[in-house]
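> Can you read through this structure? Questions will come right after.
Coordinate-derived values only; no laboratory data. Being a predicted model, the structure only gives us computed values, none of them experimental. No Cβ is skipped: glycine too gets one built from the backbone with ideal geometry, and neighbour counts run over all protein chains shown.
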2 protein chains.
Amino acid sequence: MKKVATAALITIGDEILSGITVDTNSSFIASELKKIGIPVKQIFTVSDDIGSIKTAMKRALDIAEIVFTTGGIGPTKDDKTKTAYAEFFQDKLTLDEETFHHLKQLLIKRKREHLLEINKGQAEVLSKAKVIQNDNGTAPCMVIEENGKTAICLPGVPFEVKPLVGEKIIPFLTEKYQLNHIVTRIISVVNFPESLLSETISDWELALPEQISLSYLPIGTRIKLRLTAVGNDKEALENELNDQISKLRPYIEGHVIAWDGNEIQVILKEILSDRNLTISTAESCTGGEIAKLITGVSGCSTTFLGGIIPYDFHKKIEILGVSPRTIEEKTVVSAEVAQEMSLGCQKLFKTDISVSTTGVAGPNTDEFNNQVGEVFYSIRVKDFEQTNRLFLPHLDRKDFMFFVAQRVLQDLVEILVKEND
Amino acid sequence: MKKVATAALITIGDEILSGITVDTNSSFIASELKKIGIPVKQIFTVSDDIGSIKTAMKRALDIAEIVFTTGGIGPTKDDKTKTAYAEFFQDKLTLDEETFHHLKQLLIKRKREHLLEINKGQAEVLSKAKVIQNDNGTAPCMVIEENGKTAICLPGVPFEVKPLVGEKIIPFLTEKYQLNHIVTRIISVVNFPESLLSETISDWELALPEQISLSYLPIGTRIKLRLTAVGNDKEALENELNDQISKLRPYIEGHVIAWDGNEIQVILKEILSDRNLTISTAESCTGGEIAKLITGVSGCSTTFLGGIIPYDFHKKIEILGVSPRTIEEKTVVSAEVAQEMSLGCQKLFKTDISVSTTGVAGPNTDEFNNQVGEVFYSIRVKDFEQTNRLFLPHLDRKDFMFFVAQRVLQDLVEILVKEND
């Protein structure tokens with residue numbers, strides 16, 4: 001096996017440490033690196049503070065060949081990353097003509113040329129840095145190569161980071177390093193408690209060859225089994241993975257809803273597209289989360305025709321044709337209302353499939369005094385219908401919405417997979 | 001000023017390092033700690049590997065009094081945190097009777113008593129640990145106090161972490177440490193480029209007293225100015241903050257849409273509740289994201305009556321009454337269609353306010369060959385209507401949906417704030 005280049009990430013910013021912002025850059029960069037066979041060894045999240053940044057750079061460069069920093073290179077006083085780089089690499093910041101020109105063009109395009117003087121500091125870079133222009137922001141990306149290591153200084157705004165990494169850094173690293181391949185498969189297992197699953201496949205797991213590793217990633221009630229193979233012969237890795245999965249198959253077969261795929265909405269979209277099925281959603285307590293997941297997948301418009309969020313109960317009656325009597329007799333959080341909602345939704349959007357949710361996300365109860373955490377959902381696939389109840393009083397509002405949305409899509413995939421068996 | 005207890009967080013798990021899972025536990029724990037005056041100094045994200053965990057623990061305990069670990073204490077073979085704790089604290093794992101009893105009760109409740117033997121390892125804890133039972137999962141929380149430092153070992157599943165931290169760890173820390181107060185205010189500034197804003201308020205910023213710090217947090221086109229004051233006299237801190245904000249006011253007044261508040265949907269909800277206004281949404285290219293943001297706020301049901309996602313253009317005609325002729329003449333991505341959608345939405349849900357979006361999230365164009373990244377949105381407040389166009393070809397699908405949703409809510413807040421002036 002060739003030597004694998006490894007990476008470490010440094011996320012810079014008090015807004016991450018104080019919990020105001022969730023760091024999504026790290027997971028994006030890690031995914032992109034994984035595709036070209038560079039594993040991330042560690043992520044350091046540090047304050048906008050020169051000392052902390054320098055210490056993290058030292059440690060990151062000790063454990064990895066490639067170090068990324070994100071954040072702290074904006075025009076404001078709380079941005080200290082470039083100074084930390086200059087001190088760390090014993091270099092100075094100088095105005096870069098090309099960057100200054102690029103900055104000027106960007107400000108002209110945004111009709112903000114009058115801000116050139118204020119932004120001038122953005123065009124200062126380390127004298128030894130290779131500069132990569134940032135088409136979507138005023139701070140350029142810098143690459144410093146020293147002692148066989150590479151440090152990459154990126155801005156913190158996710159939509160600036162994504163094209164810089166995807167279009168510029170990844171091709172650069174692919175060329176520079178002798179890279180290993182990483183091949184991954186994610187198997188989705190349902191109705192199988194994690195501890196029992198672990199026990200059941202224990203012998204198989206212990207016999208896995210050294211280059212293949214296994215992780216358990218539970219999400220809601222689905223367990224994602226991730227198999228990762230690392231090596232320099234891609235085809236051999238894929239064959240080995242397929243071989244291992246064949247051996248695993250008898251242990252878990254009846255519980256698998258997808259033999260590869262991470263996000264449930266992507267797994268669903270593939271099935272719907274393959275079978276030319278259309279879908280619509282009627283969401284009360286999930287408030288649009290299911291529709292948002294489905295529409296987050298590119299190409300969904302051939303299968304997803306629309307959704308309705310009849311939040312107020314009168315809208316369930318007026319728009320979806322739920323019977324006022326059903327609501328009166330069973331209350332709005334009931335199997336019967338869920339069923340009438342999915343039926344009304346299927347008719348309204350004229351789709352093969354419809355799903356509905358009605359429940360109480362909390363923390364307060366609804367006007368009918370239903371229990372916080374109770375939810376009914378109905379899934380309709382042509383003439384088939386299935387209603388389920390969940391009781392999730394331990395989840396806070398956002399986790400409740402997330403859990404229910406995941407579960408509805410997971411159950412729908414399970415129904416579609418079984419139907420096709 | 002009293003000595004401030006500080007914390008460091010260690011996130012354990014290959015799924016985070018490989019980019020498959022976004023770490024949300026850290027931001028939750030950091031927010032909770034901030035409320036009781038404990039700042040987070042650093043976050044270490046490491047692999048499920050005993051050596052890495054021990055190294056991170058050593059460094060974390062060097063820089064902070066309190067160290068949290070999350071993850072790696074499940075029943076499967078990739079979970080190594082407890083062994084790392086035992087080695088680090090030179091202790092051994094022993095079966096804890098109370099934990100075993102708790103585990104048994106949990107499995108009985110879940111009708112999985114037959115799994116008790118397999119899960120028995122979950123009841124093993126460090127002999128010197130104080131054990132806190134986990135009501136929502138099989139792995140307990142351990143607290144180790146040694147040499148004036150505290151290490152807290154938590155599971156990795158967010159809905160298990162939240163109640164453990166919120167209900168058990170925070171009260172424990174509040175009692176144990178002499179805590180400082182942290183008071184925060186977040187001011188939302190719009191239509192003010194970050195570099196110009198920074199220049200404009202530069203003199204004020206440089207004159208801020210030592211106990212107050214300022215951060216710039218841009219989100220979409222809104223800049224959140226976060227002021228943080230740390231000290232032992234809460235009232236004095238609040239007075240000082242108010243005083244500083246009074247001084248800041250003249251520089252930014254016309255650009256401020258909220259003098260405090262982090263999430264735009266929470267800011268909006270306060271305004272709508274105060275004024276007894278109702279709202280509905282008609283989303284095409286945002287696919288439910290706006291409704292999801294609004295319904296994520298507890299208590300929204302008095303103001304949000306419902307939403308529609310007429311994804312397929314026929315649904316815009318059938319359900320919202322958009323004219324087929326408008327679509328034919330202007331295409332579906334046009335100011336006119338956005339306007340007819342918000343009008344139709346306002347009528348359908350009978351609300352004071354409605355918002356609509358129509359655009360192409362990409363990466364592929366729509367059936368009308370509209371430009372990827374183009375979007376029109378319309379905001380209607382009673383008889384007032386405003387349409388805007390954005391062109392965001394540089395954003396990927398999810399960022400596009402997020403950016404547009406943020407912007408629509410931001411513009412709505414701006415309209416409502418100005419209306420009230």
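> What full-extension length gain, to one decimal in nm, is calculated for B:Ala207 and B:Ser246 as 0.36 nm per residue of separation minus the Cα-Cα distance?
Using 0.36 nm per residue and subtracting the Cα-Cα distance, I get 12.7 nm.
> Taking the number of other C-beta atoms within 10 Å as the exposure measure, put B:Ser198, B:Ser213 in order starting with the fewest.
With the fewest neighbours first, B:Ser198, B:Ser213 line up as B:Ser213, B:Ser198.
> What number comes out for the charge environment of A:Ala338, summing +1 per Lys or Arg and -1 per Asp or Glu over other residues with Cβ under 12 Å away?
Its environment carries a net charge of -1.
> Relative contact order of chain B, please, whole-number percent, based on alpha carbon pairs below 8 angstrom and at least 6 residues apart.
Reported as a whole number, the value is 11 percent.
> Roughly how many whole Å is it from the C-alpha centroid of the range A:169-220 to that of the range B:375-421?
Between the Cα centre of the range A:169-220 and that of the range B:375-421, the gap is 42 Å.
> Then there's this: Would you pull out the residues with amide H under 5 Å of B:Phe304's amide H, same chain only if 5 or more places away, H placed 1.01 Å from N?
So B:Phe304 has HN proximity to B:Ile279.
> Cβ neighbours within 10 Å, averaged per peptide: list B:289-296, A:260-267 in order, most packed at the top.
Going from most to least packed, we get B:289-296, A:260-267.
> Counting pairs of alpha carbon atoms under 8 Å apart in space and at least six apart in sequence, what relative contact order in percent does the range B:324-374 give?
30
> For the rotation bringing B onto A, which B residue has its Cβ nearest the axis, and at how many Å?
Whole-Å result, nearest residue of chain B to the axis: B:Gly288, 2.
> Quick one: pull the percentage of alpha-carbon pairs in the range B:181-258 with a separation above 21 Å.
23
> Once fully extended, how much extra length lies between A:Thr83 and A:Glu253, figured as 0.36 nm per residue of separation less the alpha-carbon to alpha-carbon distance?
Between A:Thr83 and A:Glu253, full extension yields 55.6 nm more.
> Here's another thing I want to ask about it. Considering every residue in B:279-292, what mean count of other chain Cβ atoms within 10 Å of its Cβ is obtained?
6
> Here's another thing I want to ask about it. Given labels modelled 7 Å from the Cα in the Cβ direction, how far is it in nm from B:Gln133 to B:Glu145?
Spacing of the two 7 Å Cα→Cβ label points: 2.1 nm.
> Moving on to the next point. What FRET efficiency would be calculated for the residue pair A:Lys418, A:Glu328, taking the C-beta separation as r and a Förster radius of 56 Å, to the nearest 0.05?
0.95
> Suppose we keep just the DSSP beta bridges with both residues in the range A:279-394; what percent of those would be antiparallel, to 5?
If we restrict to bridges inside the range A:279-394, about 60 percent are antiparallel.
> Residues with beta-carbon under 10 Å from that of A:Asp49, excluding A:Asp49: net charge, scoring Lys, Arg +1 and Asp, Glu -1?
The answer is 0.
> Could you point to the residue in B:Ala30, B:Gly71, B:Leu154 farthest towards the positive end of the range B:7-176's charge dipole, with +1 and -1 charges on the Cβ of Lys/Arg and Asp/Glu respectively?
Most positive-ward Cα: B:Ala30.
> If each residue's Cβ is checked for other Cβ atoms within 10 Å, how do A:Tyr177, B:Tyr85 rank with the fewest at the top?
In order of increasing Cβ crowding within 10 Å: A:Tyr177, B:Tyr85.
> Moving on. Find how much the distance from A:His314 to A:Asn276 grows on full extension, using 0.36 nm per residue of separation minus their present alpha carbon separation; answer in nm with one decimal.
10.3 nm
> Mind checking the angle between helix A:97-109 and chain A's longest principal axis? C-alpha axes, 0 to 90 degrees, to the nearest 10.
Tilt of helix A:97-109: around 40 degrees.
> Give the lysines reachable from A:Lys120 as a straight Cα distance under 17 Å; neighbours fewer than 8 places away on the same chain don't count.
A:Lys77, A:Lys80, A:Lys82, A:Lys92, A:Lys104, A:Lys109, A:Lys111
> With viscosity set to 0.692 mPa s and temperature to 37 °C, compute the Stokes-Einstein D of the range A:264-420, Rh being the Kirkwood radius across alpha carbon pairs; µm²/s, no decimals.
Value of D from the Cα-based Kirkwood radius: 215 µm²/s.
> For the Cα atoms of chain A, what angle does the longest principal axis make with the long axis of helix A:234-252, in degrees from 0 to 90, nearest 10?
Around 30 degrees separate the two axes.
> Restricting to bridges with both residues inside chain B, how much of the DSSP beta-bridge set is antiparallel, in percent to the nearest 5?
Roughly 65 percent of the DSSP beta bridges within chain B come out antiparallel.
> Can you give the average number of partner chain beta-carbon atoms within 10 Å of each beta-carbon in peptide B:197-204, as a whole number?
Partner Cβ neighbours, averaged per residue: 3.
> Quick one: if you stick a label point 7 Å off each Cα along the C-beta vector at A:Glu117 and A:His394, how many nm between them?
For the pair A:Glu117/A:His394, the computed spacing is 6.2 nm.
> Can you list the lysines whose alpha carbon sits under 21 Å from that of A:Lys398, skipping same-chain ones fewer than 8 residues off?
In chain and number order, the partners are A:Lys292, B:Lys34, B:Lys35, B:Lys162, B:Lys168, B:Lys269, B:Lys292, B:Lys398.
> Could you give, in nm with one decimal, how far A:Pro324 is from each other copy of that position, shortest first, with labels 7 Å out from Cα toward Cβ?
When each copy's label point is compared with this one, the spacings are 3.4 nm.
> So, one more: So how far apart, in nm, are the two label points at A:Ile108 and B:Asp383 if each is 7 Å from Cα heading toward Cβ?
With each label placed 7 Å out from Cα toward Cβ, I get 4.7 nm.
> Further question: Give me the net charge of B:Ile327's neighbourhood, meaning all other residues with Cβ under 14 Å from the Cβ of B:Ile327; Lys, Arg count +1, Asp, Glu -1.
The answer is -4.
> Next question. Would you mind checking the tilt of helix B:397-420 against the longest principal axis of the Cα atoms of chain B, expressed as 0 to 90 degrees and rounded to 10?
70
> Turning to a different aspect of this structure: When each copy gets a label point 7 Å from Cα toward the beta-carbon at B:Glu98, what are the spacings between them in nm, shortest first?
So the label point of B:Glu98 gives 6.5 nm to the other copies.
> Please arrange B:Val143, B:Val337 by how many other C-beta atoms lie within 10 Å of their C-beta, fewest to most.
B:Val143, B:Val337
> Residues of the range A:314-341 with the amide nitrogen closer than 17 Å to a label point 7 Å from the Cα of A:Lys347, along Cα-to-Cβ, please.
Under cut-off, by backbone N: A:314-327, A:336-341.
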